Amino acid sequence: MKGNKQQSKALNISLWVVQAIMALMFIGTGIFKLITPVSEIAKMWPWAGENSNLLRFTGLIDLLGGIGIIVPTITKIKPALSAYAALGCAMLMICAIVFHFSRGEGANTPFNFALLSLALFVFWGRRKDGATE
């Protein structure tokens with residue numbers, strides 16, 4: 001029994017760390033995509049200049065996903081929503097991977113694959129109403 005409790009505590013700590021990292025990443029990226037002029041972003045990401053509406057839309061989704069992945073767990077108000085936010089972030093990463101591969105930009109996807117893995121871990125760990133809190 002003691003081993004399960006230690007394992008549960010380690011899992012909970014791991015989930016909190018990953019959720020915090022993801023929240024910072026998604027919120028930061030969302031704010032960046034929403035407030036930085038498209039012309040500046042297009043210098044780094046050519047697709048952004050070609051698809052400014054997509055850029056702003058993904059910025060909004062990033063921001064909401066980052067908030068959703070951490071706030072319900074912190075406030076303990078509907079903590080299962082963090083799992084759904086993580087699933088939404090995973091779906092966004094799948095879309096980003098497909099988008100980049102369709103443009104021949106497969107070399108730009110390792111970060112998306114990493115975030116996809118982290119999002120699926122949070123979804124898996126928080127999927128039962130925040131049972132591991």
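Send over a whole-number figure in Å² for the accessible area per residue of segment 1-101, probe 1.4 Å. Before the final figure, lay out each step's value.
Working: 5890 Å² over 101 residues.
Accessible area per residue: 58 Å².
To the nearest 20 Debye, how big is the dipole of segment 39-108 about its Cα centre, given +1 on the beta carbon of each Lys and Arg and -1 on that of each Asp and Glu? Kindly include the intermediate steps, with their values, before the conclusion.
Working: 5 positive and 4 negative charges, 52 e Å.
It works out to roughly 240 debye.
Per the Kirkwood formula on distinct C-alpha pairs, the Rh of segment 43-107 is how many angstrom? Present the calculation step by step, with values, prior to reporting the outcome.
Values: mean 1/r = 0.0766 Å⁻¹.
Roughly 13.1 Å, rounded to one decimal.
Given 0.36 nm per residue, what is the gain on full extension from I94 to L24 after removing their alpha carbon distance, in nm? Could the numbers behind the result be given before it?
Working: separation 70, 0.36 × 70 = 25.20 nm, distance 1.95 nm.
Contour length minus the Cα-Cα distance gives 23.2 nm.
Quick one: check the C-alpha center-to-center distance for segment 13-71 versus segment 74-113, whole angstrom.
11 Å
Distances over 21 Å make up what percent of all Cα-Cα pairs in the chain?
43 percent
With r defined as the distance between the Cβ atoms of T36 and R103 and R0 fixed at 25 Å, what FRET efficiency is calculated, to the nearest 0.05? Display every interim value, and only then the final one.
Working: r = 21 Å, r/R0 = 0.83.
It comes out at approximately 0.75.
Just order 14-20, 102-108, 50-56 by mean Cβ neighbour count inside 10 Å, highest at the front, would you?
Details: 14-20: 17.1, 102-108: 11.0, 50-56: 14.0.
Averaged packing, sorted descending, gives the order 14-20, 50-56, 102-108.
Run the helix sum for the chain: -39,500 (n - 2.57) per DSSP H stretch of 4+ residues, divided by residue count, reported at 222 nm to the nearest 500 deg cm²/dmol.
Numbers: 6 runs with 110 residues, N = 133.
Theoretical 222 nm ellipticity from helices: -28000 deg cm²/dmol.
For the pair S52/I13, report the inter-label distance in nm, with labels modelled 7 Å from Cα in the Cβ direction.
Each label point is offset 7 Å from its Cα along the Cβ direction, giving 4.8 nm.
Give the residue from P37, L120, W16 lying farthest towards the positive end of the charge dipole for the chain; charges sit on Cβ (+1 for Lys and Arg, -1 for Asp and Glu) and the dipole is referred to the Cα centre.
W16
With charges set only on the Cβ (+1 for Lys and Arg, -1 for Asp and Glu), what does the dipole of segment 1-129 come to about its Cα centre, in debye to the nearest 20? Intermediate values should be presented prior to the final figure.
Details: 12 positive and 5 negative charges, 141 e Å.
About 680 debye.
What FRET efficiency would be calculated for the residue pair L60, A80, taking the C-beta separation as r and a Förster radius of 22 Å, to the nearest 0.05? Present the calculation step by step, with values, prior to reporting the outcome.
Values: r = 23 Å, r/R0 = 1.02.
The formula returns an efficiency of 0.45 here.
Show me, for segment 8-17, the HN-Hα J-couplings you get by feeding each phi into the Karplus relation (A = 6.51, B = -1.76, C = 1.60, θ = phi - 60°), rounded to Hz, glycine and proline as x.
Result, ordered by residue: 5, 5, 5, 5, 4, 4, 4, 4, 4, 4 Hz.
Please check: in the Gaussian network model of the chain (C-alpha springs, under 10 Å), which one of I61, I31, I70 has the largest mean-square fluctuation.
I31
The values are calculated or read from the model by the stated rules, or taken from the named source; none is laboratory data. This one's a predicted model, so the numbers in the text were calculated from it and none came from an experiment. No Cβ is skipped: glycine too gets one built from the backbone with ideal geometry, and neighbour counts run over all protein chains shown. Heads up: the accessible areas ignore ligands, DNA and RNA and are worked out on the full protein's heavy atoms, side chains in. Shrake-Rupley method; radii C 1.70, N 1.55, O 1.52, S 1.80 Å.
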